[in-house]
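The values are calculated or read from the model by the stated rules, or taken from the named source; none is laboratory data. This is a predicted model, so every value here is computed, not measured. All Cβ positions, even for glycine, are placed from backbone atoms using ideal geometry, and neighbour counts span all protein chains on display.
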């Protein structure tokens with residue numbers, strides 16, 4: 001294979017990649033551990049300023065600040081910009097977790113805290129670890145990715161259950177119907193309670209109230225136990241550095257050379 005081939009990997013480069021990954025985690029942990037309670041907001045980067053969904057995301061950003069939440073987004077344009085703008089102009093915490101892309105994503109200017117990521121998986125840890133709730137507006141593959149990853153972590157118990165809001169009934173209701181008719185009833189690949197793990201709404205006030213009430217009722221204690229409480233928990237309920245729970249370790253595979 002030619003050294004210039006797309007699959008070529010220099011072992012030295014691979015080793016140094018570990019340190020780049022570590023640096024992104026360290027920088028993210030140091031900054032985001034200071035922001036207090038926050039909600040991650042996702043949605044399309046293609047939504048234009050002035051569009052109804054842009055205005056709704058901007059209003060949600062304001063409402064979240066009024067309810068003592070900060071806002072975390074991917075830091076780009078569209079829905080991300082709108083939610084950051086609402087939070088920023090309301091005088092709240094407005095975080096942008098920007099990603100370096102081949103087709104450059106320009107960071108929006110409504111950010112009180114800004115981080116740059118090379119790796120999607122490092123960035124995604126920050127969205128989950130430092131958010132007490134999730135809001136998804138209509139979006140593309142990235143929005144679906146974040147929604148289903150959160151559903152997977154909640155369903156499997158890797159994170160404490162937190163409030164998830166899907167904004168815009170016209171966009172999300174067909175997906176819920178697919179889950180019910182195909183995933184639940186026809187193929188039986190999910191459970192009935194999985195369809196109750198999120199709220200679909202068009203109402204910004206309802207969304208903000210749902211997030212605040214959920215956190216006040218259950219989540220704050222679950223996600224932020226004291227050190228003493230954490231030490232008394234069984235290992236399967238403790239939170240790892242990645243913001244997820246420990247689990248049962250699988251059986252170790254014994255290599256042929258070790259037999």
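Values as computed for the structure displayed
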item: Test: residue in the stretch 133-150 that is in contact (Cβ under 8 Å) with a residue 60 or more places away in the chain and farther than 21 Å from residue 201 by Cα; result: no
item: Selection count, the stretch 157-171, where residues are in contact (Cβ under 8 Å) with a residue 40 or more places away in the chain and surrounded by fewer than 14 Cβ atoms within 10 Å (Cβ to Cβ); result: 1
item: Residue match in the stretch 162-180 (condition: over 22 Å from residue 36 (Cα atoms) and under 15 Å from the mean Cα position of the chain (by Cα)); result: yes
item: Residue satisfying condition, being at pLDDT below 65 and either surrounded by 12 or more Cβ atoms within 10 Å (Cβ to Cβ) or in a strand (DSSP E or B) (or both), within set 218, 242, 228, 206; result: 242
item: Count of residues meeting criterion [touching a strand residue (DSSP E or B) at 6+ places or on another chain (Cβ under 7 Å) and part of a loop (DSSP other than H, G, I, E, B)] in the stretch 128-144; result: 6
item: Search result, residues across the stretch 106-122 that are touching a residue at least 40 places away in the same chain (Cβ under 8 Å) and in contact with a strand residue (DSSP E or B) (Cβ under 6 Å, 6 or more places away or on another chain); result: 113, 115, 117
item: Every pair of residues 6+ apart whose Cβ atoms lie under 9 Å, when the first sits in the stretch 46-63 and is at negative phi and without any contact (Cβ under 8 Å) to a residue 12 or more places away in the chain while the second is part of a loop (DSSP other than H, G, I, E, B) and surrounded by 15 or more Cβ atoms within 10 Å (Cβ to Cβ); result: 51/78
item: Residue 147 vs. criteria within 21 Å of the chain's Cα centre (by Cα) and either at pLDDT 95 or above or in a strand (DSSP E or B) (or both); result: yes
item: Subset of the stretch 9-43 that is within 16 Å of the chain's Cα centre (by Cα) and part of a loop (DSSP other than H, G, I, E, B) - its residue that is surrounded by the most Cβ atoms within 10 Å (Cβ to Cβ); result: 43
item: Residue 5 farther than 18 Å from residue 116 by Cβ, loosely packed, with under 12 Cβ neighbours inside 10 Å, over 19 Å from the mean Cα position of the chain (by Cα) and modelled with pLDDT of 95 or more; result: no
item: Test: residue in the stretch 172-192 that is closer than 18 Å to residue 25 by Cβ and surrounded by 13 or more Cβ atoms within 10 Å (Cβ to Cβ); result: no
